[in-house]
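Worksheet: the structure to be examined is printed underneath.
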Amino acid sequence: MSIQANTVSVVTRFTSLFCLMLVLSGCSSVYYSTMEKFGIEKRDILVDRVGDARDSQSDARETFRSSLERFQSVVETPETGLQEKYDVISDAYDKSLKSANKVRDRIEAVEDVSGAMFDEWEDELDLYQSASLRQTSERRLEETRERYRSLMARMHQVEKRMNPVLEAFEDQVLFLKHNLNAQAIGALEDELGQIRQNVDSLINEMEASIAESEAFIQQFREGSV
């Protein structure tokens, strides 16, 4: 990691603690103003947050994959006690839910700073004296917005795909909780095929979103945005 990227990351996390102590209304504007005093612009924060969103999806991908394996193990190991089976899938669901919420939070943080950045960029177009420079900046603004819209569409697709997986996991947990018997395991097995398909679709969406996040970050770091 470069010194500049490391500085952005460290300062961002430090000042995030300050931001959490502020009243929610107006928190973002105060936060961004504080960051600018450290020499960190909104575009730098956006890159950092897209990276966080990418990382949270990468972590969630592994969590959902692991959770599916744990659900499968409950069905495929008949010698395991029923209470132990319940504890295994309950823990898997809890970890999946926590990972999903983290992904949602990271996406929301990206949307917050991007809105502020695009608003500022558009407002500052009126400050140009040179018509040609304004046109160039305006063109880059629209190009960046288009890439951003594509990225967010990917991220929101991941959010959408997480819901049926979490709902299916929760159903399995609830069913086993209220039907702690051998017959319940058979019923869970009937649902496992659809859950596996949903998890596979989710992981594919996550990998596409992670790849697009990487490309978006790279464009900013290369100065093409």
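Just so it is clear, none of the values below were taken in a lab; they were calculated from the coordinates. All values derive from a computational prediction rather than experimental measurement. Counting neighbours? That spans all protein chains shown, and the Cβs are built from the backbone with ideal geometry, glycine included.
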Segment 46-200: Kirkwood hydrodynamic radius (Cα pairs, Å) comes out at 18.1 Å
The summed charge of the Ala153 Cβ neighbourhood (under 13 Å; Lys/Arg +1, Asp/Glu -1) stands at +1
Using alpha carbon positions and the Kirkwood radius, the Rg to Rh ratio of segment 151-225 is 1.25
Taking Cα pairs closer than 8 Å and at least 6 residues apart, the relative contact order of segment 57-122 in percent is 40 percent
Of the listed links Lys42/Lys160; Lys95/Lys177; Lys85/Lys177, those spanning more than 21 angstrom between alpha carbons are Lys42/Lys160
Burial-style ranking of 165-177, 191-203, average other-beta-carbon count within 10 Å with highest first, yields 165-177, 191-203
Taking the alpha-carbon centre of each part, the distance from segment 111-130 to segment 158-225 in Å is 36 Å
